[in-house]
Amino acid sequence: MTVSDVLLEARDLTRLYTRGSEAIRAVDGVSLTIRRGEFVSFMGRSGSGKTTLVNLLGCLDNPTGGELDLAGRKIFGEGKPLGERDLTRVRRELFGYIFQNFYLIHTLTVRENVALPLAFYRKAGVEDEVERLLKMLGMEHRMDHLPGQISGGEMQRVAIARALVNRPEILLADEPTGNLDTKRSEEIGDILQELNRNGALTIIMVSHNPDLARLGGRRIEMRDGRAYES
Amino acid sequence: MITSVKVILLALVLSLAAASVVLAAVACDLNDADRDVPRLFRESTSYKVVYVSIGERGGAPLLKRIENRLGSAYLQLYAPIDVPYTLYEIYRNKEKVGYIHGVNQKGQFGGIQIFMAQDLAGKVKSFYIQKISGKSAGKFREAAFVKKFVGISLKDFDSYDPVSGKGSGKIAEIPNPAPEMETDFYGVLRGLKKNLVLMNEFVFTSERGKP
Amino acid sequence: MITPFQIACKNLLRKKVRTCLTLVGIMLSTWVMVSLFGFNEGYEKALNRDIENMGYQLMVMAKGCPYEAATMMLQGGKGLRYMEQSMVNDIIKEPEVEKVTPILMQAYFDPNKGESGGIAGYFGVDPASYPAMKPFFRFRAGGWFHDPAAAEVVMGYEAAELEQREVGDLTLVPEKNVQLKVVGILERTGTQDDGTIFVPLKKLQQIAGTDKITTVGIKVKKDADMAKLETKLYQLKDVQVVSFSQVKQTILKLIATARVMVLSIAIVAILIAMVGVINTVLMSVLERVQEIGILKTMGAMPGDIFLLVWTETLIICSVGGIAGIGFALLFARVTDILVRRILPYAPGGGLVAINARMSLLTLGTIVAVGLLSGLYPAWRAGRVRPLESIRREG
């Protein structure tokens, strides 16, 4: 393993919450390294801290302690939390996100939803990505449909296309099949695996569905805010 | 509060001004009717003012008939169809005994206002020039000249044309008291004819028509 | 590709009824505002025109001299007193004075008027300065004098009717037996000018055998202090000052009152529009917190979100504002009629004068106020953190 292979390195990441007078360690001193092209699944029960950890890794939240390096850059660890602006800059450079609830905008067509990130930020050479991705995900015949006119599985495909339109380094998927039936879940699982294998996309996924979690080459079990590699 | 009172006052003043403009269109009145009526109609005890307009008496056909009877540009009415003419109805006790009516006629230097008192048969009882302009204008108002018109009726104009000054009969015999004011002399005669024609149409024709 | 502007438009279309209601609210506010401003401008113009048309607002005359033609005639012209024509030069020096005109009033006895004679009044006016004092004079026939000393008269409407005069006819000055030719007959004004016979000042002075005048008419500058001028004029020897300033003051007060009224209503209209905009935009922001969070995960900066929400406000305000101006223009005549019904005194001419400058100003105001109202919702939207919007159990 060379240094350049390391895409993400977390050292002693901690996230504390206070609930009344009680302090809760949602993430408790997690250290881990993710290399380019890895497919990492985080599993664990409700309240185990898996989503909180993934939010820290995905720069959706500031840690209370510890360090995080991404693509060779120090993100957290200078002692000062990052502001919204800085977090956004990191996110749009490196990450694409998909969520259990898809979060498509219902007044925009499939094509427009996928193109939405480009209205705010556009990497060089992504002009044709919208059509390419929709074709690749088998949605070319639905491009001008509204989200209300397509199925849940199709919605998640659109969300995946949207997450990938700016060519991110890492796809962060939080319970991507949580709202789908088994068949559709399997389809989405296949797509993710395909993107990881042929597209060399690094994927960080949270799921409590063991079948889906098993797709990841690496599985990390979260218990009481701590990470256990299995 | 004060401002609004002023606004209302201003509005009142302006609307009154507008109203007075409308009333100002009355044609030919006696300057002082209470004094003039008894002077022109000796046996009168009271009078009543009536306003008559061609518009309400017969409209356009009546106007046309009157204009035909006057017959000449020199006898123009100078007034729109709806201008009210002031007609004084003269009473002795409760009995109507006659009328006084005036007209405007153009003179050389200004308007001539010619009033006449008529009995119920349409005969001139007295004659009064309320206003006339010119150096010798006073001669037309002298009693000797005025008296010559007493007893004249519309019929007398059948044989005399006040426009050409030709004809015969009572009117042709009246001499011009101020030969240097010929325009005004004929103006007086034309005004008299106009007055008689209007009275004939306003009063005598319609009264004869009554059952 | 989709632009932030398109996103804003589509957001507005999401809640059509709410957007429509807000649009109607802004439209009505703009309509009211444009109409009010138009009324303010038109009303002020019309009232100023009325002041202009009043001609001179001050008269200076020798003490004891009657200043109304009617009084002069009642007194048989006996009360007339004279002053030097050079008085005009003293008065024009005052800084408050815009224009002056010398006038000579004369009255002659006409024995052939009425039962025992009557008075004929004449106004000697300066053809160079008098017509400018009476800009509202319209000629029914003819025009002003051909020469400053011409043997001519201009007659008021009623004077001409009474004398049965037409342009080209002659008149005779009684007592003096001077013949004058009628060169102009005025339209009715509803003032005592209707019964007046105007003669060139020099001609009347010649007839009267004097080089003096009886009156000086003074037009005061628009915003000058008339009371101060009156006090100064009283310092002149043996003169009295007759002022019509009350009417002007009342009209000026009317303008001030109208302005305050219009501004207060406009402010209320703006406040209503503002509350409407804040409500609509804030509601739509609060409803879309999750979506805004997602936009942020896609790379939208707080500034992008702020602009997006602000664009929505801008669209609502512009469309509503333009529609409101359109309505105001379309129904200006109706507004005019309504205003005329309500006002106790409405001057002549168009009361509601809407022009391009005013429309743009109102549109600018509405948009500016709208953007101001959108500030808070847009700021709130910009501050939404993605995590809060997608937080679930962890």
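Every number here is computed from the coordinates shown, using simple stated rules; none is lab data. The structure displayed is predicted, hence computed values, not measured ones. Using ideal geometry, Cβ is built from the backbone for each residue, glycine included, and neighbour counts are taken over all protein chains shown.
Structure summary
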{"item": "Entries in B:Lys106/C:Lys113; C:Lys181/C:Lys202; A:Lys135/C:Lys10; B:Lys48/B:Lys94; B:Lys106/C:Lys176 that, when Cα-Cα distance is taken, lie over 18 Å", "result": "A:Lys135/C:Lys10; B:Lys106/C:Lys176"}
{"item": "Electrostatic dipole magnitude of the stretch A:112-222 [Cβ: Lys, Arg +1; Asp, Glu -1; Cα centre; debye, to 20]", "result": "260"}
{"item": "Most mobile listed residue (C:Gly299, C:Gly195, C:Gly143) in chain C, GNM with C-alpha springs under 10 Å", "result": "C:Gly299"}
{"item": "Local electrostatic count at A:Glu229 - Lys and Arg +1, Asp and Glu -1, tallied over other residues with Cβ under 9 Å", "result": "+1"}
{"item": "Fraction of antiparallel bridges per DSSP, the stretch A:3-229 only, in percent to nearest 5", "result": "55"}
{"item": "Whole-percent pair-distance distribution, where bins are 10 Å wide, for the alpha carbons of the protein assembly as shown", "result": "2, 10, 14, 12, 10, 8, 7, 6, 6, 7, 7, 6, 4, 1, 0"}
{"item": "Positive-end extreme of charge dipole, chain C - chosen from C:Gln290, C:Val277, C:Leu338 (charges on Cβ)", "result": "C:Gln290"}
{"item": "3J(HN,Hα) from dihedral phi, the stretch B:39-44, Karplus parametrisation 6.51/-1.76/1.60, rounded to Hz, x for glycine, proline", "result": "5, 7, 9, 4, 7, 5"}
{"item": "Nearest-20 debye value, chain C charge dipole, Cβ charges on Lys, Arg, Asp, Glu", "result": "1920"}
{"item": "Net charge dipole size for the stretch C:238-316 [Lys, Arg +1 and Asp, Glu -1 on Cβ; Debye, nearest 20]", "result": "280"}
{"item": "Taking C:Phe306, C:Phe136 and counting other C-beta atoms within 10 Å, the order from fewest to most", "result": "C:Phe136, C:Phe306"}
{"item": "Sites B:Val83 and C:Ile267, calculated FRET efficiency, Cβ-Cβ separation with R0 41 Å, nearest 0.05", "result": "0.20"}
{"item": "Alpha-carbon Rg with Dmax, taken over the stretch C:56-243, Å", "result": "16.3, 50"}
{"item": "Inter-centroid distance (Cα atoms) of the stretch B:122-189 relative to the stretch C:251-304, Å", "result": "86"}
{"item": "Binned Cα-Cα distances of chain C, short to long, each 10 Å bin given as a whole percent", "result": "5, 18, 19, 14, 12, 10, 9, 7, 5, 2, 1, 0"}
{"item": "Gaussian network model of chain C, springs between alpha carbon atoms under 10 Å - residue of C:Leu229, C:Leu104, C:Leu204 with greatest fluctuation", "result": "C:Leu229"}
{"item": "C-alpha center-to-center spacing [the stretch C:140-203, the stretch C:349-376] in angstrom", "result": "52"}
{"item": "Shielding by partners, peptide B:125-134 (average Cβ within 10 angstrom, other chains)", "result": "3"}
{"item": "The stretch A:175-220: C-alpha gyration tensor shape, a/c 1.5 cut-off, then a/b vs b/c", "result": "oblate"}
{"item": "Taking all pairs of distinct alpha-carbon atoms in the stretch C:161-240, Kirkwood radius in angstrom", "result": "16.1"}
{"item": "Semi-axis lengths (Å, descending) of the ellipsoid that matches the C-alpha gyration tensor of the stretch B:43-209", "result": "24, 19, 15"}
{"item": "Among C:Gln206, C:Gln164, C:Gln106: highest mean-square fluctuation, GNM of chain C, C-alpha pairs under 10 Å", "result": "C:Gln164"}
{"item": "Computed P(r) (all Cα pairs; chain A; 10 Å bins; percent)", "result": "8, 32, 36, 20, 4, 0"}
{"item": "Charge tally in the Cβ shell below 13 Å around C:Ile305, where Lys, Arg are +1 and Asp, Glu are -1, C:Ile305 excluded", "result": "+2"}
